[in-house]
């Protein structure tokens, strides 16, 4: 590999890193490729190179994560507590059992409507759905072509990040009581993060 090719490769990795940093939110690989002017295979190779760079660089506080075929920069789990101190987020209340039930109904059955969620839960879920929308755990992804044009709900990338998932396909097999499955998954992900922080 000549000096010119090496320089171009380093520039491409730097450009990828800059794009991911500036975006803040997860970016689909095809969007990254389009921005960089690369074919899909070249984009994947570049992502793998940046991933290896972060794995080798123990002094870097960053890492790459992939969720739902989207890529984003994030901090290493061991530094989560440090960054939390910087932002001092308000202690948001943890999810209630009803919130877990509603979130699980959506995660395991998406895309679905409020009426479908209420049918699964057996009670009105409007206020809980509103809170989950405000917390960016679910989103409206469209409307059904029916009277009243009911909104279609699905989980967000933020939900996947919070629960340590790459996609909803990574959800454990649904128990009869799905909210307990989701609650246990969140606790398991949090305890793994805490263990890494203690090292």
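With both labels modelled 7 Å from their Cα along Cα-to-Cβ, the residue 31 to residue 126 distance reads 3.3 nm. Normalised by the number of residues in segment 2-85, the mean separation of alpha-carbon contacts (under 8 Å, six or more apart) gives a relative contact order of 29 percent. Between residue 44 and residue 144, what is the FRET efficiency for a Förster distance of 35 Å, r being their Cβ-Cβ separation, to the nearest 0.05? With a Förster radius of 35 Å, E is 0.45.
Exposure proxy ranking for 10, 158, based on other Cβ atoms within 10 angstrom of each Cβ and starting from the fewest, stands as 10, 158.
Here the simple spin-label model places points 7 Å from the Cα toward Cβ, and for residue 173 and residue 10 these points are separated by 5.2 nm. The Cα atoms of segment 97-173 define a convex hull whose projected area, averaged across directions, is 5.2 nm². Note on residue 58 and residue 136: their simple-model spin labels are 3.3 nm apart, each label 7 Å out from Cα toward Cβ.
Each value in this text was obtained by applying a stated rule to the coordinates, not by laboratory testing. All values reported here derive from a predicted model rather than from experimental measurement. All Cβ positions, glycine included, derive from the backbone under ideal geometry; neighbour counts span all protein chains shown.
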